[in-house]
Every structure is written in structure tokens, then in C-alpha cells.
1. Have a look at Ala399, Ala384, Ala403 and point out the one that is in contact with a helix residue (DSSP H, G or I) (Cβ under 9 Å, 6 or more places away or on another chain) and open to solvent by 10 Å² or more (accessible area, probe 1.4 Å).
2. Quick one: in the stretch 490-500, of everything that is at pLDDT 95 or above and open to solvent by 10 Å² or more (accessible area, probe 1.4 Å), which residue is farthest from Phe448 (Cα to Cα)?
3. Residues in the stretch 118-129: is at least one at pLDDT below 95 and open to solvent by 20 Å² or more (accessible area, probe 1.4 Å)?
4. When residues of the stretch 188-223 are filtered for being over 16 Å from Cys236 (Cβ atoms) and part of a loop (DSSP other than H, G, I, E, B), how many remain?
5. What strands (runs of 3 or more DSSP E), lying completely within the stretch 511-567, carry at least 3 residues that are open to solvent by 30 Å² or more (accessible area, probe 1.4 Å) and either on the phi < 0 side of the Ramachandran plot or aliphatic (A, V, I, L, M) (or both)?
6. Which condition does Ser379 not pass, out of (1) touching a residue at least 24 places away in the same chain (Cβ under 8 Å); (2) open to solvent by 30 Å² or more (accessible area, probe 1.4 Å); (3) more than 23 Å from the chain's Cα centre (by Cα), if it passes all the others?
7. Report yes if Gly463 is closer than 19 Å to Trp559 by Cα, of a type outside the set (Ser, Thr, Tyr), open to solvent by less than 10 Å² (accessible area, probe 1.4 Å) and at pLDDT below 95, otherwise no.
8. Against the condition without any contact (Cβ under 8 Å) to a residue 24 or more places away in the chain, more than 30 Å from Val100 (Cβ to Cβ), of a type outside the set (A, V, I, L, M) and in contact with a strand residue (DSSP E or B) (Cβ under 6 Å, 6 or more places away or on another chain), how does Ser418 come out, does it pass?
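The values are calculated or read from the model by the stated rules, or taken from the named source; none is laboratory data. Predicted, not measured: the structure shown is a model, and the values here were computed from it. Every residue, glycine among them, receives a Cβ derived from its backbone with ideal geometry; neighbour counts consider all protein chains shown. Just so you know, the surface numbers come from the protein's heavy atoms only, side chains and all, with ligands and any DNA or RNA stripped out. Shrake-Rupley method; radii C 1.70, N 1.55, O 1.52, S 1.80 Å.
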Amino acid sequence: MRLVLAALMLSAFFAGTATARPAQAAPAYDVAAYYFPGFHHDARNDSYLGADYTEWRNIKAAKPGYDGHFQPRVPEWGYLDESTVSAMEKKIDAAADNGVTTFIYDWYWYENKPFLEKPLNEGILKAKNKDRIKFYLMWANTDWVDIFPLGREGSGGTIFKGAVDRATFDNLANHVINDYFKQSNYYKIDGAPVFSIYELGTFINGLGGFDNAKAALDSFRTKAKAAGFPDVHFNCILWGNIPSTLGGVPGDKTPTQSKTVEGLGFASLATYTWAHYVGPVGDYIPWAEKGINAWSNYDKDFTTQYYPNVTIGWDTNPRRTKYDPNNITGNTPNRFAAQLWKARKYLESKPTRKKLMMINSWNEWPEGSYLEPDTVYHSEYLQAIGDVMLRGWSNVASAAAGAKASGSTEYRPRLPASAAIDGERTGKNWATGGTTGAGWADSTEWEFPDWLQVEFTGPKTLGRIEVYTLHPGWEGRPGVSVPKLMGISERSETTLGITDFEVQYWTGTEWKAIPGGTVKGNTNVKRVFKFPSLTTTKIRVYITGAMDGYSRVTEFEAWGRDATRGCTNPAYAEYDSTAGIDDGSCKTTGLRDAARRLLGGGTLLMDPEGLEWRGAPGTHVDLIDANGRMVFRGRAGSDGMLTIPRAGLARGLHWLMTGNGTQRLMAL
């Protein structure tokens, strides 16, 4: 059946608008971020670590170990109490707006009772927007060791033991089934609630061996079935602590870790952080490569399916009184996005597997790995997830994507145009120049116009362009120490950059400014341009003024995807629920302007990834099927953009509703 988005017969449906807010449907990819609940007051923590202790104490006290060390990290939202509803609602909206679908809650059980549960019970479960996020528990059954911080007098001892006996485990299971599995937003796979175990070896040893551990898990499973669930999806965290020489593993003549996992009935495997199996030292890229290369080994070594992990970074110095050199440098949102693409492609290569991936983490501030905004990168790590996992965007203007750069002139050989599309935004090698880490400059002082052009490998549909000009603290400039260049933002000021310019795209016959692309009197290092999607084969920045006489661009980025199929008419599109996306033949009707009015001036675009809606920031968009069931609910981000995944559309689109429920775009 072909469904056409059109503004027809609207008044007949206005009166029937529902006021209830049904649960949000799952997008094409489930992105689950580990959540560490260490940022609220807990009475047991206070008894060991002092009154009103939270991990924020260590974050505030962190000191850099060398010039340029990214410490302390400062949260852009402030030092929130995560156990309050207001704080958790803020987190949930930021997560859902950017494609994070699930929190994996680091859940603790010590001395036969829960520990650090308050953010879950008082925050997530009481949040008015809790339907926007799923959650599941990862039982962090590790010993709770005093490392808060490590090195202070009296630190290093074990506060709580992670191992439990059978009676304790049964109490734990009862609590989980009755109080969490039954929550409407508990994450399930094929109807089975997911429950993850952090240290399998600790679990087995505490229960007294493999057979006893298996019996305990079987009992947990039986109780869950009695409560109405088809099963429990047990997930095992891999990090080298799985026993491999256990007796009693069915059919295991040569004991292996795979047989241990399989014999206990685990349905899937995951990892918490790359740091658990790759030494966290040095630059982010080789560390990431080793972490990702392990995925194929897991597929080979285990019969149980593995869900990939992408880790943001690693630096535990906030929990130490003396500097620890075992930390990762060079991690940026741009580099993180490249690893997300690898995880996405890995999942696409497993067509029968749930499209689930893990992120370390939502808020591991003490370990230097978090999505929450800080004062250096702001929300760029979250934006990276939205770009890759929601919108299917990458930097199509990069040399890695096959793009080619050229300039009106080039300050050769030191600052060629190609150095402005190498993925390094900072211009950190400007002093020495070369093809990487520097940027482009023209060779004609005080002569304008100048231009820097990037040609793509083919037509690309773009939604955002970023221009970086030279930071005044570039490495090697006489009299200037090595700056913290890693977090160049739209707030960073330049004294050496371009001032007057226009960002343009090629229409096929002429250069035309992108919407909002004309800039006068610029003083910022970074300029970001967001606009309704447009398709082109090349872009350029056309410069008519610059500080210090030369045009300098350290990086020129275009975020989007291949324009392979789909209707590019911004106000009209067709979707065929059986054949897929329309073949690109855009049809225009007299209803186009009416549709645009209904969307508050917003635009619609169909492409192979789904439906892209752009309009007023914060607008809620609902998709409802022919039976009146909600199949998607989302909210436009601060840039007014929302991507409705193709998977959501395929579930039976009936109409599109926007705004406060009194405006709808029908699909008939």
C-alpha cells in the first residue's frame, strides 16, 4: 500500500486527538549507554567517605598531570544531584534527542541490600519523560574498593564484597523481577528483560561453582517466567575474568570460556570499556583500533552473540592523588563518531542480530568517558551519536571519505588545501605545516576574494557544515605555550582567522549561499551552519576578509550522507510500506504549501534512512498506525531537526501529528 503524506481532511481528526502519551517505539538502532550512579548522596557512602560525599568531590579536585592534560573536567550542566527528577528529566531528554535509547544502570547489591539505587528509583522511574528512555540493570558485582581517591590515607581497602551466596542471590532476583522487570520502560529483547552480570567469575565463585551458579540462574529464569515474562535475557560482560577450566559444563571435553557462557545460559555478551582488554595508554585511534579488532575475535571464540562497545576515553586521575600516565589522549567527538560508524557497520553485518550497541558511558566522569556535556566539547559527543545512529551522517568532506580539496591559491608546500580536510580541526601543526594537522592558507596577502573548495565523490545530501579558522594559540607560535586546543568551540575567539565569508554549494549551474551562510565580522574559531537538507556535489567557503592579511582555514567539514535515492522535495514525499522509499520522482501538488503551513514552516525529506522533519526546535512529532497505536514519538532538537527511522515508518504509518496535537499531516 502506498502512503502519501498530504494535508487532507484534517478537521475530521482534530477532535479525536489523544491526550495520553504512549511509549516511544524503538528506532532502527538501540544505543545503550552505561550509567554510573555516583553523583548523589548515599548514607552508606557518607559513613565510609565522609558527610555528603559524591564523585563530584573528586571531579572538582582533579589536577592536570602535565601541560595540556584535560583535567579537571567541568560539567556544563553544573554538579547536578542525579537523584532529583529535574536532573534526570534533563538527562533523559538530552539522551533521547540524540539517539541514546537506553541507560544500562550500574546496579549494586551489597550486604544483602541495594546500593546507589536512588537515581533509578527517584529519578528515572519518577521522571515525567521516562517513556523516552529504556533502562536495564547491569549487576556490578565487583568488590567496592575505596579509591575515592586512591592514595589518600586509609584508601585502597575493600568496603563491600561483590560475591554473594544463593540466599542473597535469590533476594536480589526477587527484587529485580518485582520492582524493575515490571516497569514499562525496562529494556527487553524478544519480550525477555535483559539482565547483565559484570563479573562472571565472582558470581560463580560466590555461588560455590559452576553447577550452583547455573542452578541460581535457572531459578531466576523460572521466577521471571512465573511473573509473566517469556524468559530472562542474561548478558555477560567480557573482560578476561570468565573461568575457562570448570567441570560440569555440558559437552565440554576441552573446557573453554565459550562453553562456560553457553552452559550457564547466557544469551549475549558485551564489554564495559576497551580499557578492560586493551591497555589505556597513548593516542585514542590505535587504542580504538585494538578495541574494535577484538569484536571479530569474540565472534570467533564464542558461540554466544556479542554486542559491540564504543568507548569515549579513559583517564582515572580524578580518583588518584598521584598522576597516573595510563590514560588516553587525542579523543575527540569527531574521532568518536568514526568509531560509531564501525559499530554501526558491524551490526549491519549481523542481519539476524538485535541492532544493539553499548557506549561507555553516559557519565563516567571519574574515568574520563562520558556523553554528558562539559565546558570544552559541550554536547558534541551526544551530537556524534545523533549524526551516526539517527541521521546516518558522516563528514563527507573529509579526505577519508574520498573528498578532494583545492584553493584559489595555496601557501605551498606548508599549508595546502588538502590539510583542511584531514580530520584535525585544531591546526596544532600550523608551525611546521604539512599535509596533516595544519590547514590551508592562501598565498596572496591582503588580496581577496580567496576560496577553499571541497568536491565530494558524488552527490551528497547535507544538513550541517562546519568551518574552523586558525586558533590564536596554535602550537609553536612564539611566546605562546601549548594550548588546550582539543575543545575548540563556537565560543573560542580568533585573532588570526577569516572575518568575512560565505559558505556556498554548487547547484549544478552556479554557486549559491547555503541558508544562513553569509558571515560578516567573524571573530570565532568555529562556525556551525545548520540548514534544511540540500543535495550537492561540492561546497566552498568564499572569503572576502581576514585578520592579518591571509585566509586561514584549519578544517572544512560537511555532515550528511550519500544522496542515492529518495524524494528531495522539501515539502512533499511518498512512502511505500511494501516497496520501501520512493524512487526519487518528486511529485508536487497544490497541497505543498498547506503542508508546510501545517508543519509551522518546517520541511519534510524522504531518503533511504527514513523521514527527516525540520521545524521549530522542541516540537513533538508522533507517528500513529492505522489502528491508532503509537509507533514513534520524538522531539525536534535545538536545531529543529528530527529523524524518524525507516524502521518506524515500516511499522504502518497512518498519520503524522506535530505541535500540540491540533496540527497533523495526514498519510492517506
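1. Values: Ala384 fails: open to solvent by 10 Å² or more (accessible area, probe 1.4 Å); Ala403 fails: open to solvent by 10 Å² or more (accessible area, probe 1.4 Å).
It is Ala399.
2. So the residue we want is Thr499.
3. There is no residue in the stretch 118-129 that is at pLDDT below 95 and open to solvent by 20 Å² or more (accessible area, probe 1.4 Å).
4. At the first step, the residues of the stretch 188-223 found to be over 16 Å from Cys236 (Cβ atoms) are 188, 190-191, 208-209, 211-212, 215, 219, 222-223.
From the residues that got through so far, the ones that are part of a loop (DSSP other than H, G, I, E, B) too are 190-191, 208-209.
Total meeting the criteria: 4.
5. Numbers: elements: 511-519, 526-546, 552-562.
Qualifying strands (runs of 3 or more DSSP E): 511-519, 526-546.
6. (3)
7. Values: closer than 19 Å to Trp559 by Cα: yes; of a type outside the set (Ser, Thr, Tyr): yes; open to solvent by less than 10 Å² (accessible area, probe 1.4 Å): yes; at pLDDT below 95: yes.
So Gly463 passes the test.
8. Values: without any contact (Cβ under 8 Å) to a residue 24 or more places away in the chain: yes; more than 30 Å from Val100 (Cβ to Cβ): yes; of a type outside the set (A, V, I, L, M): yes; in contact with a strand residue (DSSP E or B) (Cβ under 6 Å, 6 or more places away or on another chain): yes.
Yes: the conditions hold for Ser418.
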